[in-house]
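To start, the structure itself, in structure tokens.
The values are calculated or read from the model by the stated rules, or taken from the named source; none is laboratory data. The model shown is predicted, which means the values in this text are computed figures rather than measured ones. Glycine gets a Cβ as well: all are built from the backbone with ideal geometry, and neighbour counts include every protein chain shown. Just the protein is used for accessible areas: all its heavy atoms, side chains included, with ligands, DNA and RNA removed. Shrake-Rupley method; radii C 1.70, N 1.55, O 1.52, S 1.80 Å.
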Amino acid sequence: RHLHYWRGRIDPMSLFTHLRSYTRRDAWSDAIAGALTAAVLIPQALAFAALAGLPPQAGLYASVLPPLAYALLGGSRVMAVGPVSVAALMVASALGGVAGDAMRIEAAATLALLVAGFFVLAGLLRAGTLINFISGPVLHGFTSGAAVLIVVSQLPALLGFSRGEWTIAPLTAALGVGSLALLVGLQMLAARWGMRGSAPTSAPISAPTSVPASVPAGVPTSAPLAITLLGRAAPLLAVLLATWAVVLWNLDTSSGVAVTGAVTSAWPAGLGTHLMPDWQRVREAAPAAALIALIAYVESAAIAKLFAARDGETVNANRELLALGAANLAAAASATMPVAGGFSRTAVNAEAGARTQLATIVTVILLLVATALLAGVIARMPRAALAAVIIAGVVKLIDWREPLRLWRYDRAEASVFMLTAVLTAAVDIEFGLLAGLALSLLWPVWLARAPHIAELGRIPGSNHYRNIARHPAESWPDLLLVRVDGALSAANAAHVTAWVTRAVAARREVESKAAAGSALRHVVMDGGGVHAIDATALDAMEQLGRELARHTIGLHWAELRGPVTDRLARAGQLQRRGPGQNFLNVDVAVRALAAAADSQDSERSGI
């Protein structure tokens, strides 16, 4: 029983499962993909460490053991886990009052440990689907606002001025702007050439689904793929050229250009020494860690699902939580910051033809070798070039089209997007996220306060009933047919009863001017769109029934859903309303009530 419980939550053999049908051709593809991902990872790792306000080696530490942990436990074949921009910015915000590299590393490791705990707890509670409660406008708004905040935060490093001062350092600005222009230019050129690319070559039937259909299995040689990878490798090329300029003219020593500084090996130092944090710091860091875990999961789950859907696979959300928890536990043991899935690195990994997480292992090995052999070169990488890498990467996260699309569809949701984005960028990243989460949770309640209500009529020559404001439909002076689209609850009970009361009053006003015999006798509530009725709403509807009865008007239900009918029957509410009050559908109600009215009229005539 215990083995069955854990088997449904974590599969430690996921990588080995992928290796069951592994071939030499797959190994070659994984090796190529791992090498290209390592080329992108090195500048990103250093840049994101700087963004988080940590020493450069922290970014390298986050790129060794954490991705290995995910490679063993994660369900995605291609997702590359490591430091990411938005999480790095949130770490920087959480560590705002911590001084000194050693203390900041300790605090970052505490955050990673707490993030790991949140992930594991959520995974064991099978809470992976809770992310669906956060609306798309909130997520897009938060991401766009955070991207704007990141760009602004990198301008001092890009242009060489200090915070609070606006004197630009010419050489630093030249390196930063030049790197940014080269990087963006290469990516735009690659995109344009890619659209003109050579005719695609069909993949063999036996090619794994993780390879795009236009790329032949094995060594990627088609022109479109090479051009795409040129665009992906643009950050490394820009940083290397800027570093070459610094080394050639000694810009760091002679002209004061800020560089990365001394970098130790990428292998974590003091492994495991940060797994017993100070409990006071844990209490202080818990709220920030919860928000970081939320955003890290949103980003990682979106990436995993995107690439899994492209390859015709599925990803278990709860298993991903556990795998990300293991990755962040490895980050805490490595004395580094929280990690998540990175979109750009995952895209490089996938486009280069990665078949399994062995590509991640290749990336880690090459990272360790590169930092051991090229530590001197990495130490002289200009911070302006790394800032250019960050800006070029996150500016793509600013969604300019989403608010316009939302404005055309629903102005309220567009307002939610803009409010979340503005609060994130202008006030504080945690405040913006919390405000967005509050909006996403309260928005359904706000919408439920006033559900759509329509008066129904019958389409001539049929038994279909539609909104008389939208369709040419026939109605009856003695019947009022009402449809409520949504659950009846305490939030909207007063709104619904007030609407019915106004409609009845309008009918009675018309009756006073009409001929005798046209009095309103029945109100029929179409319950087909009512999936729930809470106790407060039921009391309100019963009170409405009593008010209508004082005017000799009956209140009836039609087409109540099974679960609602069952609950009402258990509570004895249907019996209290009397027999025949819950009709099969609106047409049955109309015919039955019309027949009853005819019978009553005949009896009166006989009398």
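Table: residues versus (1) at pLDDT below 80; (2) under 20 Å from T363 (Cβ atoms).
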{"position": "A234", "(1), (2)": "no, yes"}
{"position": "L251", "(1), (2)": "no, no"}
{"position": "A258", "(1), (2)": "no, no"}
{"position": "T264", "(1), (2)": "yes, yes"}
{"position": "S300", "(1), (2)": "no, yes"}
{"position": "A327", "(1), (2)": "no, yes"}
{"position": "A331", "(1), (2)": "no, yes"}
{"position": "P338", "(1), (2)": "no, yes"}
Checklist line | Filter pass, A491 being at pLDDT 90 or above, of a type in the set (G, A, S) and either open to solvent by 30 Å² or more (accessible area, probe 1.4 Å) or over 19 Å from the mean Cα position of the chain (by Cα) (or both) | finding: yes
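Picking from V389, V377, V422, which residue would you name as being at pLDDT 85 or above, over 30 Å from A269 (Cβ atoms) and assigned to a helix (DSSP H, G or I)? Before you say what the answer is, go through the steps one by one.
Numbers: V389 fails: over 30 Å from A269 (Cβ atoms); V377 fails: over 30 Å from A269 (Cβ atoms).
Of the residues listed, the single one that is at pLDDT 85 or above, over 30 Å from A269 (Cβ atoms) and assigned to a helix (DSSP H, G or I) is V422.
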Notebook entry, point to check: Restricted to region 439-460, and to residues that are assigned to a helix (DSSP H, G or I) and touching a residue at least 24 places away in the same chain (Cβ under 8 Å), which residue is surrounded by the fewest Cβ atoms within 10 Å (Cβ to Cβ)?
Noted result: V445
Item checked: Leading residue by the ranking (least open to solvent (accessible area, probe 1.4 Å)) among those in region 19-55 that are without any contact (Cβ under 8 Å) to a residue 60 or more places away in the chain and farther than 16 Å from A108 by Cα -> T23
Check: Quick one: would you say I295 is β-branched (V, I, T) and in contact with a Phe, Trp or Tyr (Cβ under 7 Å, 6 or more places away or on another chain)?
Finding: no
Item checked: One residue from D539, D478, D534 being open to solvent by 60 Å² or more (accessible area, probe 1.4 Å), farther than 17 Å from I453 by Cβ and not hydroxyl-bearing (S, T, Y) -> D539
Checklist line | Close pairs (7 angstrom Cβ cut-off, 6 or more residues apart or separate chains): closer than 18 Å to T253 by Cα in region 375-395, among the acidic types (D, E) and assigned to a helix (DSSP H, G or I) anywhere | finding: R380/D252
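Matching residues to (1) touching a residue at least 12 places away in the same chain (Cβ under 8 Å); (2) open to solvent by 60 Å² or more (accessible area, probe 1.4 Å):
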| site | (1), (2) |
| --- | --- |
| V239 | yes, no |
| T243 | yes, no |
| V246 | yes, no |
| W249 | no, yes |
| T253 | no, yes |
| A266 | yes, no |
| G270 | yes, no |
| D278 | yes, yes |
Notebook entry, point to check: Can T360 be described as modelled with pLDDT of 90 or more, under 17 Å from Y70 (Cα atoms) and open to solvent by 10 Å² or more (accessible area, probe 1.4 Å)?
Noted result: yes
Next item on the list: Would you please list the contacts, defined by Cβ atoms under 6 Å and residues six or more apart or on different chains, that run from a residue in region 128-144 that is open to solvent by 50 Å² or more (accessible area, probe 1.4 Å) to a residue that is outside any helix (DSSP H, G or I) and at pLDDT 75 or above?
Entry: H140/D399
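Considering each residue of region 273-304, count those that are over 11 Å from the mean Cα position of the chain (by Cα), in a helix (DSSP H, G or I) and closer than 22 Å to V84 by Cα, and give that number.
Here is the first cut: in region 273-304, the ones over 11 Å from the mean Cα position of the chain (by Cα) are 273-293, 304.
Filter once more, so that each one left must be in a helix (DSSP H, G or I): 279-293, 304.
When the remaining residues are screened for being closer than 22 Å to V84 by Cα, the result is 285-293, 304.
Within region 273-304, residues that are over 11 Å from the mean Cα position of the chain (by Cα), in a helix (DSSP H, G or I) and closer than 22 Å to V84 by Cα number 10.
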Item checked: Where R163 falls short, out of the listed (1) at pLDDT below 85; (2) surrounded by 15 or more Cβ atoms within 10 Å (Cβ to Cβ) -> (2)
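Matching residues to (1) open to solvent by less than 10 Å² (accessible area, probe 1.4 Å); (2) out of contact with any helix residue (DSSP H, G or I) (no Cβ under 9 Å at 6 or more places or on another chain); (3) over 29 Å from S265 (Cβ atoms); (4) not basic (K, R):
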position: E299; (1), (2), (3), (4): no, no, no, yes
position: K305; (1), (2), (3), (4): no, no, yes, no
position: R310; (1), (2), (3), (4): no, no, yes, no
position: N316; (1), (2), (3), (4): no, no, yes, yes
position: G325; (1), (2), (3), (4): yes, no, no, yes
position: A333; (1), (2), (3), (4): no, no, no, yes
position: T336; (1), (2), (3), (4): yes, no, no, yes
position: A340; (1), (2), (3), (4): yes, no, no, yes
position: S344; (1), (2), (3), (4): no, no, no, yes
Margin query: Being open to solvent by 10 Å² or more (accessible area, probe 1.4 Å) and either touching a helix residue (DSSP H, G or I) at 6+ places or on another chain (Cβ under 7 Å) or within 20 Å of M276 (Cβ to Cβ) (or both) narrows it down to one residue among L111, L89, L125; which is it?
Written below: L89
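Listed here are the residues, each with its yes/no results for (1) polar (S, T, N, Q); (2) not in a helix (DSSP H, G or I).
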{"site": "A112", "(1), (2)": "no, no"}
{"site": "G117", "(1), (2)": "no, no"}
{"site": "I150", "(1), (2)": "no, no"}
{"site": "Q154", "(1), (2)": "yes, no"}
{"site": "S162", "(1), (2)": "yes, yes"}
{"site": "T172", "(1), (2)": "yes, no"}
Item checked: Residues of region 427-438 satisfying the condition of being assigned to a helix (DSSP H, G or I) and in contact (Cβ under 8 Å) with a residue 40 or more places away in the chain -> I429, E430, G432, L433, L434, G436, L437
Checklist line | Residue list for region 63-75, filter: open to solvent by 10 Å² or more (accessible area, probe 1.4 Å) and either closer than 25 Å to S144 by Cα or under 20 Å from the mean Cα position of the chain (by Cα) (or both) | finding: G75
